[in-house]
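The values are calculated or read from the model by the stated rules, or taken from the named source; none is laboratory data. No experiment lies behind these values; they were computed from the predicted model shown. Don't worry about glycine lacking a Cβ; one is built from the backbone with ideal geometry, like all the others, and counts go over all protein chains shown.
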Amino acid sequence: MINTITLGRPYAKAAFEYASTAGQADAWLAMLCFSAAAVQTPEVAQQLANPALTSEQKVKVLAQVCSGHVDDAFISFLSTLSSNDRLSLLPVVLEQFTVLKAEAESTLDVEVQTAFELSAEQLQTLAAALSKRLARTVQPKPVVNAALIGGLLIRAGDLVIDSSVRGKLNKLAEALKS
């Protein structure tokens, strides 16, 4: 079975190249967010799955749902997706587009889990240190997780930095078992 990420990647790449060339990456991100949310609603998904509708009719349905939130160039993009029966891939295209945009802007969303809420100053200091280490502009997203007991658990893409008390206790337990 073909992976949906593999199917969505070329569409996301093409959309990002067009949007960045036109200087509309943020606008396209917003349009992708809205249309991806629309295709995930049960009513719209049911309409788009209707085999009696042609690809043009499916685009009209989606364009009607998204009216006021999409432009003509984006509707052309939807037509391309629909002609290849790929409208259901819009959430995957959105995810891949977001990754491409973050890479182009050298930004990285980082989840910072702590046992207690961090102050704005602490978050800013942590973001500066992570930005220096990762050579990207870091946008921290704080999450309070009392199960950590203390310390931090940082997730930045594939990188995980676990300096939590819970993590250290788990490592100690594993070391004692071996």
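Considering only residues that are of a type in the set (S, T, Y) and within 20 Å of A15 (Cα to Cα), look in the range 30-80 and name the one that is farthest from the chain's Cα centre (by Cα). Show your work before the answer.
First pass over the range 30-80, keeping only residues of a type in the set (S, T, Y): 35, 41, 54-55, 67, 76, 79-80.
From what's left, within 20 Å of A15 (Cα to Cα): 35, 55, 67, 76, 79-80.
Numbers: S35: 14, S55: 27, S67: 23, S76: 23, S79: 23, T80: 22 Å.
Once the filter is applied, the top-ranked residue is S55.
So which residues in the range 124-157 are assigned to a helix (DSSP H, G or I) and touching a helix residue (DSSP H, G or I) at 6+ places or on another chain (Cβ under 7 Å)?
So the first thing to find is which residues in the range 124-157 are assigned to a helix (DSSP H, G or I), and the list is 124-134, 146-148.
Within the range 124-157, A147, L148 qualify.
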Do you know which of the residues in the range 158-178 that are assigned to a loop (DSSP other than H, G, I, E, B) and surrounded by fewer than 13 Cβ atoms within 10 Å (Cβ to Cβ) is farthest from the chain's Cα centre (by Cα)? S178
Only one of these conditions is not met by L134: (1) modelled with pLDDT of 90 or more; (2) touching a strand residue (DSSP E or B) at 6+ places or on another chain (Cβ under 9 Å). Which number is it? (1)
For the range 26-123, please list each of the helices (runs of 4 or more DSSP H) lying entirely inside it that holds at least 1 residues being surrounded by 14 or more Cβ atoms within 10 Å (Cβ to Cβ) and among the charged types (D, E, K, R). 55-65, 90-105
